[in-house]
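Structure first, commentary second.
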Amino acid sequence: MRIETVAVHAGTEVDEGSQAVTPPIVLSTTFARDPDGSFPGGHIYTRSSNPNRAELEQAVAALEGGAAAAAFASGMAAIAGIFQSLEPGAHVLAPGDSYHGTVHVLRQVFDRWGLAFDFVDMRDPAAVAAAMRPSTRLLWIETPSNPMLHMVDIAALADLAHRHGAMAAVDNTWATPLLQRPLDHGCDLVMHSTTKYLGGHSDVLGGVVVTRRQDAFFERLLAVLRLGGAVPSPFDCWLIRRGIRTLPARMRVHCDNAEVVAQFLAGHPMVERVHYPGLPSHPGHDLARRQMRRFGGMLSFEVRGGRDAAMAVAAGVEIFARATSLGGVESLIEHRASIEGPDSKTPQSLLRVSVGLENAEDLVADLDHALSTLQ
Ligand SMILES: *Cc1c(COP(=O)(O)O)cnc(C)c1O
């Protein structure tokens, strides 16, 4: 089955009891035993497993081409679950431009639990090799990165990690398995904030980890999930599974629209720079062509005139919502440095855009109007 078919069908069957084509939401927290003490439905208690969570896990594992998946209550719970599955004293190497929640959970939570970590620019393989330690257990990869859309070579980094006895993990939230499948490039783990494109409608929070093998690491991850208890509700799982059914179709439009918006911005006199891997001028364009099926729905741009000009553009749009997050049907725009706080390295002139599923010409007209207020 090709990926569009997998997205619609994986993990989902017509319900045996009711013949419902769309899976029922199973809210029961507990499941009955047969007289012989067995659990014929395969579930005991919803914190351990639930039919809706199992469907979601099967679907994402199939989309990423992995052996198993574990669904968490949020992307951050999934990230924390991965770090908790390492042992104290283990060293994690992460990109300097990691998602800010990843940086903060390492600094504020895992530092105290004895996890060591460093941040490095992963566009520079020599710097990554130099930062590896004998205790490095995990190389954390994010590409395209937030909010500068830097591209890094997944296959080369996975190879480097393995040569040093470490696992390679990719936060694949921005690309989705439709555009990029890290396990195909040799990685061991893939993580998603399903809050974003997989859910797709900005109405549910979730996270998932897919592993290449159903191994001891996966068993530790499951223990963190089930005993730590940061599990998604059955309804949340159902919503995310529903979102995934339209993921291939939505990603086509996200990519189409982002290409149009990026090209418009690249030609606008009040725009200094556009960060979008689909533009031939992007330094990671060739790598993106090799590594991704298409270039995604996320981009950022720098407005001439610094922070005030950027804020004025954000204030001037009418279709885009001024909000953080990404991957929903609606277009969003945000002044990234504001959300990242005082230690942010993001340029003050930068606006990050999640290009939604509206008509591309309407989006361009909205940005054009907002930019015209600058002249
Ligand atoms: C949103 C996001 C996360 C965190 O996910 P939550 O669901 O908000 O906890 C992690 N990584 C990336 C790249 C994200 O965009």
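The values are calculated or read from the model by the stated rules, or taken from the named source; none is laboratory data. Please read all numbers here as calculations on a predicted model, not as lab measurements. Neighbour counts run over all protein chains shown; Cβ positions are idealised from the backbone, glycine included.
Quick check on segment 209-219. Is at least one of its residues closer than 30 Å to Asp256 by Cβ, assigned to a loop (DSSP other than H, G, I, E, B) and β-branched (Val, Ile, Thr)?
no
Going by what's in this entry, would Ala258 be described as at negative phi, within 16 Å of the ligand (Cβ to nearest atom) and not assigned by the TED database to the domain that holds Pro134?
It is true that Ala258 is at negative phi, within 16 Å of the ligand (Cβ to nearest atom) and not assigned by the TED database to the domain that holds Pro134.
Of everything in segment 251-283, what is in a helix (DSSP H, G or I), in contact (Cβ under 8 Å) with a residue 24 or more places away in the chain and either surrounded by 23 or more Cβ atoms within 10 Å (Cβ to Cβ) or among the aliphatic types (A, V, I, L, M) (or both)? Give them in sequence order.
Met251, Val253, His254, Ala258, Val260, Val261, Ala262, Leu265, listed by residue number.
Name every residue in segment 86-98 that is away from the ligand (no atom under 16 Å from the Cβ), assigned to a loop (DSSP other than H, G, I, E, B) and surrounded by 15 or more Cβ atoms within 10 Å (Cβ to Cβ), in order of residue number. I'd like the intermediate steps shown before the answer.
Residues of segment 86-98 away from the ligand (no atom under 16 Å from the Cβ): 86-91, 93.
From the residues that got through so far, the ones that are assigned to a loop (DSSP other than H, G, I, E, B) too are 86-90.
Scanning segment 86-98 gives Leu86, Ala90.
Would you be able to tell me the number of residues in segment 30-59 that are part of a loop (DSSP other than H, G, I, E, B) and loosely packed, with under 11 Cβ neighbours inside 10 Å?
Looking only at that region, the number is 8.
Looking at Met76, Met132, which is the one that is under 29 Å from Asp343 (Cα atoms) and within 16 Å of the ligand (Cβ to nearest atom)?
Numbers: Met132 fails: within 16 Å of the ligand (Cβ to nearest atom).
Being under 29 Å from Asp343 (Cα atoms) and within 16 Å of the ligand (Cβ to nearest atom) holds for just one of Met76, Met132, which is Met76.
Determine which member of the set Ala32, Ala54, Ala71 is away from the ligand (no atom under 16 Å from the Cβ), in the same structural domain as Phe110 (by the TED database) and within 28 Å of Arg2 (Cβ to Cβ).
Answer to the selection: Ala54.
Among the residues of segment 293-318, which ones are closer than 15 Å to Asp366 by Cα and either in contact (Cβ under 8 Å) with a residue 60 or more places away in the chain or touching a Ser or Thr at 6+ places or on another chain (Cβ under 6 Å) (or both)?
Ala310, Ala312, Val313, Gly316
Could you tell me how many of the residues in segment 341-355 are in contact with a Ser or Thr (Cβ under 6 Å, 6 or more places away or on another chain) and not in a loop (DSSP other than H, G, I, E, B)?
So the count comes out to 2.
Could you count how many residues in segment 99-135 are buried (at least 21 other Cβ atoms within 10 Å of the Cβ) and touching a residue at least 40 places away in the same chain (Cβ under 8 Å)?
2
Look through segment 204-220, keep the residues that are within 16 Å of the ligand (Cβ to nearest atom) and in contact (Cβ under 8 Å) with a residue 40 or more places away in the chain, and return whichever of them is surrounded by the fewest Cβ atoms within 10 Å (Cβ to Cβ).
Among them, the one singled out is Leu205.
Restricting attention to segment 136-155, and to residues there that are away from the ligand (no atom under 16 Å from the Cβ) and touching a residue at least 60 places away in the same chain (Cβ under 8 Å), which single residue is surrounded by the most Cβ atoms within 10 Å (Cβ to Cβ)?
Among those that are away from the ligand (no atom under 16 Å from the Cβ) and touching a residue at least 60 places away in the same chain (Cβ under 8 Å), it is Asp153.
Counting only residues that are more than 18 Å from Val353 (Cβ to Cβ), touching a Gly at 6+ places or on another chain (Cβ under 7 Å) and within 15 Å of the ligand (Cβ to nearest atom), how many does segment 174-190 have?
1
Looking at segment 127-179 only, could you name the residues that are β-branched (Val, Ile, Thr), under 22 Å from the mean Cα position of the chain (by Cα) and part of a strand (DSSP E or B)?
Once the filter is applied, which keeps residues that are β-branched (Val, Ile, Thr), under 22 Å from the mean Cα position of the chain (by Cα) and part of a strand (DSSP E or B), segment 127-179 yields Ile141, Val170.
Of all residues in segment 322-375, how many are among the polar types (S, T, N, Q), out of contact with any helix residue (DSSP H, G or I) (no Cβ under 9 Å at 6 or more places or on another chain) and closer than 25 Å to Gly96 by Cα?
Total meeting the criteria: 1.
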